[in-house]
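Visitor: Sharing a structure here in structure tokens format.
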Amino acid sequence: MSHPFEYKVIYSSRKTIAIQVTREGQVLVRSPKSCTRSYIDTFVSQNENWVLKHLSRIKETESQKEKAGICPQPPLSEKDRARYMKIARDIFARKTEYYARIMDISYGRISIREQKTRWGSCSSKGNLNFNWRLILAPEEVLDYVVVHELAHRREMNHSKAFYAIVESVLPDYRSARKWLRDNGQTLWETV
Ligand SMILES: [Zn+2]
């Protein structure tokens, strides 16, 4: 007798025969030692539909796992990354110029980077770095990072005096800062 699946028989000192579909999709028949092969085969035939139903459920669960997003998205191509960085350079140059004028602060070079752990930085010489992925965030978040780095030209720390400078330019800076803390990681998932 043939079946639409393979199965394995495990003999033991048990009194009854039972069929089982494992999580890995293996079909096992647990049988008393006294059962003949043809009896087992008939038993399997009688339970074929039950086995098929469970095997198909296992396949469904597997495909659902993939649907839930285990498949990684293709990595960003170098060409696309370069394109985003150029856009970011234009945006940050414009915003830095705008806010530096309001704050009456000078600055050096602007560099666009992609650092997992940094949104922006300001060197002692006044050179500014910005993470290009910020262009995927709401605009007030970019404004906050620009003002934050410019404020470091006055205060190289995160003291009350530092945040007073930020607040004088962006009274709502706290919500942008919170957005970045709560959602910053998503900027790596969009593209
Ligand atoms: Zn800072």
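Visitor: L180 fails exactly one of the following numbered conditions: (1) away from the ligand (no atom under 12 Å from the Cβ); (2) outside any loop (DSSP other than H, G, I, E, B). What is the number of that condition?
Guide: With respect to (1) away from the ligand (no atom under 12 Å from the Cβ); (2) outside any loop (DSSP other than H, G, I, E, B), L180 is out only on (1).
Visitor: How many residues, within region 22-39, are within 25 Å of R57 (Cα to Cα) and outside any strand (DSSP E or B)?
Guide: Residues of region 22-39 within 25 Å of R57 (Cα to Cα): 22-31.
Cutting the leftovers down to outside any strand (DSSP E or B) gives us 22-26.
Final tally of qualifying residues: 5.
Visitor: Can you pull out the residues in region 124-144 that are within 16 Å of the ligand (Cβ to nearest atom) and not charged (D, E, K, R)?
Guide: Matches in region 124-144: S124, G126, N127, L128, N129, F130, N131, L134, V141, L142, Y144.
Visitor: Would you check if L128 is within 23 Å of E189 (Cα to Cα) and of a type outside the set (D, E, K, R)? Please lay out each step first, then the result.
Guide: Numbers: within 23 Å of E189 (Cα to Cα): no; of a type outside the set (D, E, K, R): yes.
Here the answer is no, as L128 does not meet what is asked.
Visitor: Six or more apart or on different chains, Cβ under 9 Å: which pairs go from a residue in region 86-98 that's on the phi < 0 side of the Ramachandran plot to one that's of a type in the set (S, T, N, Q)? Could you list them?
Guide: Cβ pairs passing all conditions: A88/N131; R89/S111.
Visitor: Would you confirm, using the coordinates I've provided, whether V44 is in contact (Cβ under 8 Å) with a residue 40 or more places away in the chain, over 30 Å from I165 (Cβ atoms), touching a strand residue (DSSP E or B) at 6+ places or on another chain (Cβ under 7 Å) and β-branched (V, I, T)?
Guide: Details: in contact (Cβ under 8 Å) with a residue 40 or more places away in the chain: yes; over 30 Å from I165 (Cβ atoms): yes; touching a strand residue (DSSP E or B) at 6+ places or on another chain (Cβ under 7 Å): yes; β-branched (V, I, T): yes.
Here the answer is yes, as V44 does meet what is asked.
Visitor: For residues that are over 29 Å from the mean Cα position of the chain (by Cα) and among the polar types (S, T, N, Q), scanning just region 101-123, find the one that is nearest to the ligand (Cβ to nearest atom).
Guide: S123
Visitor: Any idea how many residues of region 156-177 are near the ligand (Cβ under 9 Å from one of its atoms) and not in a helix (DSSP H, G or I)?
Guide: Just the residues of region 156-177 that are near the ligand (Cβ under 9 Å from one of its atoms), to begin with: 156-158, 162.
Pick out the ones that are also not in a helix (DSSP H, G or I) and you get 156-158.
Final tally of qualifying residues: 3.
Visitor: So T190 clears everything in (1) in a loop (DSSP other than H, G, I, E, B); (2) at pLDDT 95 or above; (3) away from the ligand (no atom under 14 Å from the Cβ) except one condition, right? Which one?
Guide: Only one criterion is unmet by T190, namely (2).
Visitor: OK, next. Considering only region 160-182, how many residues are more than 18 Å from M103 (Cα to Cα) and either small (G, A, S) or surrounded by 13 or more Cβ atoms within 10 Å (Cβ to Cβ) (or both)?
Guide: First, the residues of region 160-182 that are more than 18 Å from M103 (Cα to Cα): 174-182.
After this cut, where a residue has to be either small (G, A, S) or surrounded by 13 or more Cβ atoms within 10 Å (Cβ to Cβ) (or both) as well, the list is 174-177, 179-180.
Looking only at that region, the number is 6.
The values are calculated or read from the model by the stated rules, or taken from the named source; none is laboratory data. Small disclaimer: the values here were computed from a predicted structure and weren't measured. All Cβ positions, even for glycine, are placed from backbone atoms using ideal geometry, and neighbour counts span all protein chains on display.
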